[in-house]
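For reference, the structure is listed below as structure tokens.
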Ligand SMILES: CC(C)(COP(=O)(O)OP(=O)(O)OC[C@H]1O[C@@H](n2cnc3c(N)ncnc32)[C@H](O)[C@@H]1O)[C@@H](O)C(=O)NCCC(=O)NCCS
Ligand SMILES: Nc1ncnc2c1ncn2[C@@H]1O[C@H](COP(=O)(O)OP(=O)(O)OP(=O)(O)O)[C@@H](O)[C@H]1O
């Protein structure tokens, strides 16, 4: 789906909301993802399943719809930031109600919520670069109504002195823009299947993200295992090659043994799929060679 100026607001808003939910569903089903819930099973999670992730994704469509509608052609200001914050927290409650209190998509609501708002703020066809930059502007604004919760993610960013979900958004989603989207398009161009290209995009994120999900569950050992393993998959030629797939299988075993799950990387893959689906990007330079 690409957004077009000639479409009505309601039609565009509905498409945007559906696209956000669809990217969550496609992320969850994509296999094989190391440590994460996928079509094969629950990964390193005891309280998550694919059915739960799917129910959660569907429960968020009204939240994405409200975010898009309220943000339509509005500028990034404190009023909008506070509204988006309130809608995001209401979305978290929808998710919790749909999952019986399990956190399936908290990080994803944050990343995709901001991107949905930003795409709507542009009101029509826009590039991924412009959408990510606008999402960053919104994320950098203060939300005074936000409750001061000391989350596991915040604890990990303080303990290890690393950026987390908040900073990733405030910096304009560098792991999406500089790593995942280029890798997705490169792998497609080199003949990988769509699933393989998406797994490669996930690997690209995992090579460098300070994923607070992994840090909270498996510390620095888990993080280094994730980053080095993901790099090895790409160096081996990616998941379209036999060697890449065997390195990926090894990484999956290592992540499971460490109880490590790259939930933050999964969120950013969903964000990548959303931008890839909605943004109007000119053909990247390397496709013209
Ligand atoms: C900023 C958020 C993510 C809270 O962050 P915090 O680190 O305190 O919480 P928490 O640990 O629960 O969530 C972090 C989640 O983000 C993901 N994540 C982890 N590391 C990273 C990373 N480096 N980069 C991106 N995402 C990451 C993971 O899925 C993780 O579970 C967000 O939930 C929030 O503030 N929401 C309030 C509502 C709001 O303003 N929404 C606006 C957009 S809708
Ligand atoms: N396919 C996926 N599998 C697992 N996690 C995912 C997936 N996609 C996204 N995530 C993200 O991972 C996070 C879930 O991680 P986790 O279960 O560690 O959270 P938690 O409830 O804070 O921790 P814990 O379960 O250890 O108490 C969610 O915020 C979600 O956005």
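Structural remarks
- Those residues of the stretch 90-113 which are free of Cβ contacts under 8 Å to residues at least 40 places away in the same chain, buried (at least 23 other Cβ atoms within 10 Å of the Cβ) and either more than 7 Å from ligand 1 (Cβ to nearest atom) or farther than 25 Å from residue 131 by Cα (or both), in sequence order: 95
- Checked against (1) more than 19 Å from residue 52 (Cβ to Cβ); (2) modelled with pLDDT of 95 or more; (3) part of a helix (DSSP H, G or I); (4) under 16 Å from the mean Cα position of the chain (by Cα), residue 92 meets all criteria but (1).
Residue-by-condition table, conditions (1) away from ligand 2 (no atom under 11 Å from the Cβ); (2) in a loop (DSSP other than H, G, I, E, B); (3) under 14 Å from the mean Cα position of the chain (by Cα); (4) modelled with pLDDT of 95 or more:
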{"site": "98", "(1), (2), (3), (4)": "yes, no, no, yes"}
{"site": "101", "(1), (2), (3), (4)": "no, yes, no, yes"}
{"site": "104", "(1), (2), (3), (4)": "no, yes, yes, yes"}
{"site": "124", "(1), (2), (3), (4)": "yes, yes, no, no"}
{"site": "139", "(1), (2), (3), (4)": "yes, no, no, yes"}
{"site": "153", "(1), (2), (3), (4)": "no, no, no, no"}
{"site": "168", "(1), (2), (3), (4)": "yes, no, yes, yes"}
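- For the stretch 180-289, the helices (runs of 4 or more DSSP H) that sit wholly inside it and include 1 or more residues that are at pLDDT 95 or above and touching a helix residue (DSSP H, G or I) at 6+ places or on another chain (Cβ under 7 Å) are 181-189, 194-206, 212-235, 242-257, 263-278.
- Boolean, residue 8 is within 10 Å of ligand 2 (Cβ to nearest atom), farther than 30 Å from residue 230 by Cα and exposed (fewer than 15 other Cβ atoms within 10 Å of the Cβ): no
- Pairs meeting the criteria (first residue in the stretch 170-189 and under 12 Å from residue 111 (Cβ atoms), second residue part of a loop (DSSP other than H, G, I, E, B), beta carbons under 7 Å, at least 6 apart or on different chains) are 175/208; 175/209.
- Meets criteria (over 22 Å from residue 126 (Cβ atoms), in contact with a helix residue (DSSP H, G or I) (Cβ under 6 Å, 6 or more places away or on another chain) and assigned to a helix (DSSP H, G or I)) for residue 57: yes
The values are calculated or read from the model by the stated rules, or taken from the named source; none is laboratory data. Being a predicted model, the structure only gives us computed values, none of them experimental. For neighbour counting, all protein chains shown are included, and Cβ atoms are generated from backbone atoms with ideal geometry for every residue, glycine included.
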